[in-house]
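Have a look at the structure below, then the notes.
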Amino acid sequence: ICQIDKRASPPELKIDTTVLDEDEEFSIETLASNLPDGAPRFVVLAYKPSHEDFPKVVLINWIPTGCEPASSMLHVGTLPAIERLVIEITDGEEGLTTEILDAKMRKV
């Protein structure tokens, strides 16, 4: 679960580890009840829909009603940048090195 730190310059994505308790049984409803009411978040999770055999990776763009307009705008403006950061590695372990990742990031 990520939030945008608008105090940083430029704004940064920060990992929010306070949303879910690791001892708590996970459900979408538990996730929703633990997300902040007035602050947007990006949530990445592996979710298995009830009609599917395998989980899928999902990016949830959480913008609850009641967010400050400036926070919502900053959050929405960040989504295209996050979508561009999806990088495909198909060469196994040999394809995931610092050098290769840096090279792919230069193209983004």
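The values are calculated or read from the model by the stated rules, or taken from the named source; none is laboratory data. Nothing here was measured: the structure is a model prediction, and the numbers come from that model. Quick reminder, even Gly has a Cβ in these numbers, built from the backbone with ideal geometry, and neighbours come from all protein chains shown. Just so you know, the surface numbers come from the protein's heavy atoms only, side chains and all, with ligands and any DNA or RNA stripped out. Shrake-Rupley method; radii C 1.70, N 1.55, O 1.52, S 1.80 Å.
Below are the figures for this structure:
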{"read-out": "Estimated distance in nm for a label pair at Lys14 and Leu101, the labels positioned 7 Å out from Cα along Cα-to-Cβ", "value": "2.2 nm"}
{"read-out": "Rg/Rh ratio calculated on Cα atoms of the stretch 57-108 (Kirkwood radius)", "value": "1.15"}
{"read-out": "Alpha-carbon spread of the chain, three principal axes, descending order, Å", "value": "43, 41, 25"}
{"read-out": "Probe 1.4 Å, accessible area per residue of the chain, Å²", "value": "76 Å²"}
{"read-out": "Backbone HN-Hα couplings from phi across the stretch 49-57 [Karplus 6.51/-1.76/1.60, Hz, Gly and Pro as x]", "value": "x, 4, 9, 10, 8, 10, x, 10, 7"}
{"read-out": "Full-stretch length increase - Arg84, Asp37 - with 0.36 nm per residue and alpha-carbon distance subtracted", "value": "14.2 nm"}
{"read-out": "For Ile100, net neighbour charge (Lys/Arg +1, Asp/Glu -1) across residues whose Cβ lies under 14 Å away", "value": "-3"}
{"read-out": "Solvent-accessible area, 1.4 Å probe, carbon plus sulfur percent, for the chain", "value": "55 percent"}
{"read-out": "Theoretical gain in end-to-end length, Ser71 to Asp91 [0.36 nm per residue, Cα-Cα removed]", "value": "3.3 nm"}
{"read-out": "Positive-end extreme of charge dipole, the stretch 69-108 - chosen from Ile100, Met73, Ile89 (charges on Cβ)", "value": "Met73"}
